[in-house]
């Protein structure tokens, strides 16, 4: 079971690709050029949170699946 | 119905929204012979172009260079030297490096740290305006806020703002395509040379006393061999220019939009909790950048037309933001509109790096403005916009409270 629940909100994502550049094993672009999560366990937690935090739209939410705590944006 | 190709016609400058509505209806992917490129106006097509950096280059200087003869190019060399290093006109991998350097400083959370400072600036400006009972929106309000903040972010709060403003205006003649000014490249060369010369000295000083702000970050990348000193200076010019010009226009355009829709002014005054959606709506409704340009690197299909390699595309940001296929009732200002994934800051890899900053500045400005004042009256209705293809920029707007 993945430890993180990661959601890229397509009502906010503008396809800046920051998340894909910073965590390419976790995020990818879909056909519309927006971010999708390919593997929520694909990188270290800190790396994923950093990638999410560099989104200019704060379109990515990262939640600890066990505790339910919102790690980003928090 | 045919639509005129004159993007500089006075009625188009005054009311681009009606023009782009007509163009979208008549020919949504339109070859504009006069401008010499395609004009794309549907939301769907606009985001497709913006999000496809592989097929569409942003390298304005590279494409311009190929159009010019050596004799035409030589006198405007400083424009090439500076603007070729700007991340806005860079394709990957240079774009990725430059953006990566500064992106962390501009995230919404990082920018939020500046909110109290922006609030203090806004209060200070509004105190002065309240005492006078009137203001010229562009000079008295819209310009003051962004200039102060960007210089602070760069780590150089005491630079000569009047000079920067003057040089930025000259550079803007080229950047925003002031097509009716035949000497626009000449003036822009003068402005950019002065701005770059000034920034060169600022950067040299900062190298002696580094801090954790933007100029020092650029210098760190230079020391690591990632970028050159010329890149450092050029991107300081970009921050000083880009950091105030467009936000200034957003605040001015937004003020006018709220005066024209007094119910919305009063709605925000009554319930300031809508400030976030309110700013997104002001960006959508009448943002500061009407259009942006890309060049096809390969033959590519957009909305049923084939754009050929080397051809340029004028991307209708304002047009997309009023597309009825994307927005219900696109010409009405609704400060609670949500979702609202507009293209006022562009989209894709070049989405404005300063967007979180511009948003925050506008949130603070409009929250305070509507809280303090009732809807002002416009002193003179004959306000005008600077005639450019790209910018949406009021020359001045005098209002009385």
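Inside 10 Å of the C-beta atoms of A:29-42, what's the mean count of C-beta atoms belonging to other chains?
That average works out to 1.
Over the alpha carbons of chain B, what is the largest minus smallest coordinate on each principal axis, giving the biggest first in Å?
61, 56, 36
In whole angstrom, how far apart do the alpha carbon centroids of the range B:257-314 and the range B:1-78 sit?
15 Å
In what sequence, highest mean first, do B:323-333, B:231-241 appear when ranked by Cβ atoms within 10 angstrom?
Per-residue Cβ counts within 10 Å, averaged per peptide and sorted highest first, yield B:231-241, B:323-333.
Which whole-percent values make up P(r) of the protein assembly as shown when all C-alpha to C-alpha distances are grouped in 10 Å steps starting at zero?
In whole percents, the pair-distance histogram is 4, 19, 31, 29, 14, 3, 0.
Students often check this: by mean Cβ neighbours within 10 Å, which of B:376-386, A:39-49 ranks highest, and how do the rest follow?
Descending packing order for the listed peptides: A:39-49, B:376-386.
Using a/c under 1.5 as the rounded threshold, could you call the range B:170-246 rounded, prolate or oblate? The axes a ≥ b ≥ c are square roots of the C-alpha gyration tensor eigenvalues, and prolate needs a/b larger than b/c, oblate otherwise.
prolate
Where the centre of each part is set by its Cα atoms, how far does the range B:151-196 sit from the range A:20-74, in angstrom?
38 Å
Please sort B:215-228, B:275-288 by packing, taking for each peptide the average over its residues of neighbouring beta carbons within 10 angstrom, highest first.
Peptide ranking by packing, descending: B:275-288, B:215-228.
Using only the C-alpha atoms of the range B:256-324, find the volume of their convex hull and express it per residue in Å³.
Dividing the Cα hull volume of the range B:256-324 by its residue count gives 107 Å³.
Which whole-angstrom value gives the distance between the alpha carbon centres of the range B:98-138 and the range B:351-401?
One Cα centre to the other: 13 Å.
Laboratory data are not the source of any read-out in this text; all were calculated from the coordinates shown. No experiment lies behind these values; they were computed from the predicted model shown. Neighbour counts run over all protein chains shown; Cβ positions are idealised from the backbone, glycine included.
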